[in-house]
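One structure is given below, encoded as structure tokens.
Every read-out reported here was derived from the displayed coordinates using simple, explicitly stated rules and does not represent laboratory data. Quantities reported herein were computed from a predicted structural model and do not represent experimental measurements.
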Amino acid sequence: MNEGLIIKEKLIQYIADTTNKKLDQIDIALVQARESSNDDTKSSAGDKYETSREMIQQDITRLQKQRVEALKELEIIEKIEVVPMTVGRLGALITTDRLIYFLATSLGQIEFEGKRYAVVSSHSPIGKYLTGIEIGQAFEFNGSKQVVRDIV
């Protein structure tokens, strides 16, 4: 297995681990919010109770949405193939003259094994530019011109 594929495999594992940690944190926060809601039911009365309960419910709803998104990200990660690629698509590691992009999920910029990577979704604005791109092609994003040097 070449170095690029090894890096890709490690990145996939890193993203999966990061996403699973996020899921664990969301689950803990959901348990705490539900417990808080139950405690609030026992101790509050009147308008103050309704306001507090609504705020807790909003937190629970927000956390549930975050949980669904994290699960979707894990599904995407599981679909990534560790195979050589020559065109930008899900799972492509795209090196430009400015940055290394990994078309996966919307994790953002990370520092990994001494290099900076932008982990981006193919549905994001930059991901749309990178989908279908080939080595040697140039593109401009946010006023910055970049040339694709390699795709793994």
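Odds and ends about this structure:
- Highest-fluctuation residue, 51, 105, 86 considered, GNM on the chain with Cα pairs under 10 Å: 51
- For the stretch 10-18, Karplus couplings with θ = phi - 60° (6.51, -1.76, 1.60), whole Hz, Gly/Pro x: 5, 4, 4, 5, 4, 5, 4, 4, 4
- Springs between Cα atoms under 10 Å define the GNM used for the chain, and in it the highest mean-square fluctuation of 31, 120, 82 occurs at 31.
- Global geometry of the chain, whether rounded, prolate or oblate, following the gyration tensor of its Cα atoms and the 1.5 cut on a/c: prolate
- Residue of 102, 112, 141 that the Gaussian network model of the chain assigns the largest fluctuation, springs spanning Cα pairs under 10 Å: 141
- Karplus-derived HN-Hα couplings along the stretch 134-140 (A = 6.51, B = -1.76, C = 1.60, θ = phi - 60°), whole Hz, x at Gly and Pro: 10, 4, x, 6, 10, 8, 10
- Its convex hull of Cα atoms gives the stretch 93-151 a direction-averaged projected area, equal to a quarter of the hull surface, of 3.7 nm².
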